[in-house]
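Peer 1: Provided herewith is a single structure, encoded as structure tokens, for subsequent inquiry.
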Amino acid sequence: MSKFRKNGKKSQPAVNTAALPDIVFMLLFFFMVTTTMRETTLKVENKTPFATEIEKLERKSLVSYIYIGKPTKDLQAVFGTAPRIQLNDAFKTKEDIFQFVEMEKEERDELERNLITWSLKVDQKTEMGIVTDVKQELRKANALKINYSTKKTDKIKN
């Protein structure tokens, strides 16, 4: 019979790190592709109101935002403290909304133009007068799918 012998301690083979740069590059490339940057710089105060019953939007690529609120502290010296309408990166008047809607529709595919949701991100301290004016202009531009952006809460505070 043969005898089994232990040859002392056997060491584990070292971890192969040859593929490590490839893995790091793949992760870096993945995050570069999937990350989206904010397209607009907020020029208005935008503390959205709270709501208990909310729905998440399905396709954010079909959402165009209209911001309404007071200008930020650094812009109040130039634009005052009255609520303003921000379309993309600029302050606009309610008369500019029709042109904004047409421009946003032109940027989309023809099949998606009627699916665009117009999301109003309105500061909670803004009066409804300017919001009603914006909604009337959206109606004139045949932009009838309107959404109010809110934050979720369990209970409404009075």
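The values are calculated or read from the model by the stated rules, or taken from the named source; none is laboratory data. Note that the coordinates shown come from a computational prediction; the quantities given were computed from them, not determined experimentally. Heads up, the Cβs are rebuilt from the backbone with ideal geometry, glycines too, and the neighbour counts pull from every protein chain shown.
Peer 1: Among the residues of segment 39-48, are any of a type in the set (K, R), part of a helix (DSSP H, G or I) and surrounded by fewer than 16 Cβ atoms within 10 Å (Cβ to Cβ)?
Peer 2: So far as segment 39-48 goes, no, none of its residues is of a type in the set (K, R), part of a helix (DSSP H, G or I) and surrounded by fewer than 16 Cβ atoms within 10 Å (Cβ to Cβ).
Peer 1: Now a separate question. All but one of (1) in contact with a strand residue (DSSP E or B) (Cβ under 9 Å, 6 or more places away or on another chain); (2) at pLDDT 95 or above hold for Q136; state the number of the condition that does not hold.
Peer 2: Status for Q136: all satisfied but (1).
Peer 1: Exactly one condition in (1) touching a helix residue (DSSP H, G or I) at 6+ places or on another chain (Cβ under 8 Å); (2) hydrophobic (A, V, I, L, M, F, W, C); (3) closer than 16 Å to P49 by Cα is false for V131; which is it?
Peer 2: The one condition V131 does not meet is (1).
Peer 1: Tally time: how many residues in segment 139-150 are over 21 Å from K70 (Cβ atoms) and in contact (Cβ under 8 Å) with a residue 60 or more places away in the chain?
Peer 2: Adding up the residues that qualify gives 1.
Peer 1: Another question about this same structure. Could you check, for segment 7-16, whether at least one of its residues is at pLDDT 85 or above and assigned to a loop (DSSP other than H, G, I, E, B)?
Peer 2: No, segment 7-16 has no match at all.
Peer 1: Something else now. All but one of (1) under 18 Å from the mean Cα position of the chain (by Cα); (2) under 21 Å from E55 (Cβ atoms) hold for K155, so report the exception by its number.
Peer 2: (1)
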